[in-house]
1. Tell me which residues come under 5 Å, amide H to amide H, from residue 313 once H is placed; ignore anything under 5 positions away on its chain.
2. For the chain, list the cysteines whose Cβ sits under 4.7 Å from no other cysteine Cβ?
3. Please compute the net charge surrounding residue 5, taking Lys and Arg as +1 and Asp and Glu as -1 over other residues with Cβ under 9 Å from its Cβ.
4. For the chain, list the DSSP H helices whose alpha carbon atoms reach 27 Å or more along the long axis and whose average Kyte-Doolittle value is 0.0 or above?
5. Under a point-charge model restricted to the Cβ atoms of Lys and Arg (+1) and Asp and Glu (-1), what is the dipole moment magnitude of the stretch 110-215 relative to its Cα centre, in debye to the nearest 20?
6. What's the center-to-center distance, using Cα atoms, between the stretch 186-206 and the stretch 34-51 in Å?
7. Restricting things to alpha carbons, tell me how big the chain is in terms of Rg and Dmax, in Å.
8. For a quick check: sort 294, 317 by the number of other beta carbons within 10 angstrom, fewest at the front.
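Please treat every number below as a calculation from the coordinates, not as lab data. In this text, all values refer to a predicted model and were calculated from it rather than measured experimentally. As a convention, Cβ positions derive from the backbone with ideal geometry for all residues, glycine included, and neighbour counts pool all protein chains shown.
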Amino acid sequence: MFESTIAGSLPKPSWLAETEKLWPKWKAEGPELQQAKLDATLLWIKAQEDAGLDVIGDGEQSRQHFVHGFVEQVEGIDFEHKVEMGIRDDRYKAMVPQVVGPLRLKGRVHASEARLLRASTKKKTKFTLPGPMTIVDTVADRFYGDRIKLAFAFAELLNQEALALQADGIDIVQFDEPAFNAYIDQAADWGVQALERAAQGLTCTTAVHICYGYGIKANIDWKNSLGEEWRQYERFFPALAASSIQQVSLEFIHSHVPPELMSLLKGKDVMLGVIDVASSQIETPEEVADTIDRALQFVPRERLRPCTNCGLAPMSRAVAIAKLEALGRGVALARQRLA
Ligand code: ZN
């Protein structure tokens, strides 16, 4: 009961990359950088195990950013000439690479860290990939001229890597689609379909993570503008419920998401955000267990998976470790209460 996991990313140690940044610069290069990424991965596998989590990830230590880590391995992308673009419905500006030709994978994207993860824990493993709609929203298209076409082109490549991750022994492949909350109608119209294309043929568990973004200022300001009730999920949860994706990760603690929206996800495992990523304040075990209690009115206990609201990448390492521990302790308390 209450299989615990994190959304995905964790902070990079200061010897690997700049700290507390969304697009941190690496501190090494070449083979030294490759080794440093794997060393950091091991460190976070241990931290997740020490915190008592049930599903372990690689902490996304090998990618500079959750979207660009994948895109860097794609042919047809010009990474040398990035341009500034408003992303997530122009919520904030980012320097993004350009799509300049037909897309093809250069080879495996995440083999090293996925195999290291699989070899380094006996627990269930999860690996995250950006979702097609979110990738489309984080690159500048100079070639396809159509968001849907471009999304399905990326979905095909994501599918290749997802199948390879499954062959590496990964138990859960998760696609991150924060863009769904920025384009709620398109998410329902074609976003879910593109996601299913990315997950096609997978026999391991499939998941999607949809949040209100990392705890950066632009996202916090946006959330403050969304009013007393955040009903974005309501628009596309029915399409997700009807899809083949098995687990849905949503933002919950300290949000204005009405808990009853979770009942739109009948038949799905619900990864419930019980750890806030927009505040450095550490949740108490009671607070985590109370949040789980609130959700149990709408999600059967065997389907509830306590999780973080989003990735912890831009936080300090000490805060991230304390938050992993809070998650582990809170879940233990929630289990005790129901025992
Ligand atoms: Zn997120």
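1. 9, 10
2. Singleton cysteines: 204, 307.
3. Here the count lands on +1.
4. 147-167, 317-338
5. 480
6. One Cα centre to the other: 29 Å.
7. Rg and Dmax of the chain, Cα atoms, are 18.5, 57 Å.
8. 294, 317
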